[in-house]
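Below: the structure, in structure tokens.
The values are calculated or read from the model by the stated rules, or taken from the named source; none is laboratory data. Note that the structure is predicted; figures quoted are calculated from it, not measured. FYI the Cβ positions are ideal-geometry reconstructions off the backbone, even for glycines, and counts take in every protein chain you see. Quick note on the areas: whole protein, heavy atoms, side chains included, nothing else; ligands and nucleic acids left out. Shrake-Rupley method; radii C 1.70, N 1.55, O 1.52, S 1.80 Å.
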Amino acid sequence: MASTETKAPSTAAEAGDSSGDIAGLEAGLDALESRVVDRQPWLRTATSKALPPLIAIAIVLALWQLAYHFELKPHYLLPSPVEVGHSLQQKWLEGTLLSFVWTSVSRGALGFLASVAIGTVLGLIVARVKAVRAAIGPILSGLQSLPSVAWVPAAIIWFGLSDATIYTVVLLGAVPSIANGLVAGVDQISPLYLRAGRTIGATGFAGVRHVLLPASLPGYIAGLKQGWAFSWRSLMAAELIVNAPDLGTGLGQLLEQGRELQDMSWVLSAILLILIVGIGIELLIFAPVERRVLRSRGLLVKS
């Protein structure tokens, strides 16, 4: 009987060692398949990131110049890249270019921050309260697919030609994307994390701050990126239509002025500025934050 009792712990120990070996083997295979991306020298990173877009821009400019040269459209309808550059230079020399950009960027930033505040609260409620999710979850998805310009006529009737109209359109365009992104991030959280949070007393606001939001960051940041894109598009749609002297001139109003004057160089200059600002904010703000979050979680890997 004594010998039997002494063999049981040995058998359990061997089983534990065996499972540990299997776990180590699986971890080793995973490590062979992928590895976490280490930080690279900034010059190498800048070159690898900047060179492909520069090549693409050069190709687009070359095709544009060829279209101008062979007159696929009359020159007054399709100006050359040089003429568009001269138009931008003229606005710069007049001292109005930065004011146009700043008006739109400040509106977009303020509308986006308000959208983040509203969308975050709404997303948390929808993600955690089943009744609310069943009631307004489909509505949020429908609002996200609704073109922002559809809200402009209603906003004009409600608020007239004012800043409130512009911000209303921005909010209605961005809030659903941010809320849905947060809901998707919360849905991807392992139930183990939620149970662990409740075990250590992280409930209510503490649970949201220390468990829900940190664990849902990848999906949340994806929602923020999409929310900014919707916010910027909504702002341009509103500025194109809501035009009044006391509102100031943003990039959307600048684009509309070029259309009224039938000046294609002006129009293409405004389109180029809108594109540059949108891409610049994406690359300078959202892309570094997303990379940092993914790298800290071991999700930024090379196959």
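Worth a mention:
- Some residue of region 214-232 being in contact with a helix residue (DSSP H, G or I) (Cβ under 8 Å, 6 or more places away or on another chain), surrounded by fewer than 17 Cβ atoms within 10 Å (Cβ to Cβ), assigned to a helix (DSSP H, G or I) and among the aromatic types (Phe, Trp, Tyr): no
- When residue 55 is tested against the conditions (1) among the hydrophobic types (A, V, I, L, M, F, W, C); (2) assigned to a helix (DSSP H, G or I); (3) touching a residue at least 40 places away in the same chain (Cβ under 8 Å), the lone failure is (3).
- Residue 213 being over 19 Å from residue 277 (Cα atoms) and modelled with pLDDT under 85: yes
- The helices (runs of 4 or more DSSP H) falling completely within region 245-301 that include 2 or more residues that are open to solvent by 40 Å² or more (accessible area, probe 1.4 Å), in contact (Cβ under 8 Å) with a residue 24 or more places away in the chain and over 20 Å from residue 77 (Cβ atoms) map to 287-296.
- Hits in region 124-143 - residues which are of a type outside the set (Lys, Arg) and either touching a Phe, Trp or Tyr at 6+ places or on another chain (Cβ under 8 Å) or free of Cβ contacts under 8 Å to residues at least 12 places away in the same chain (or both): 125, 129, 131, 132, 134, 135, 136, 138, 139, 142
- When the test is whether a residue is in a loop (DSSP other than H, G, I, E, B), hydrophobic (A, V, I, L, M, F, W, C) and open to solvent by 50 Å² or more (accessible area, probe 1.4 Å), residue 77 passes it.
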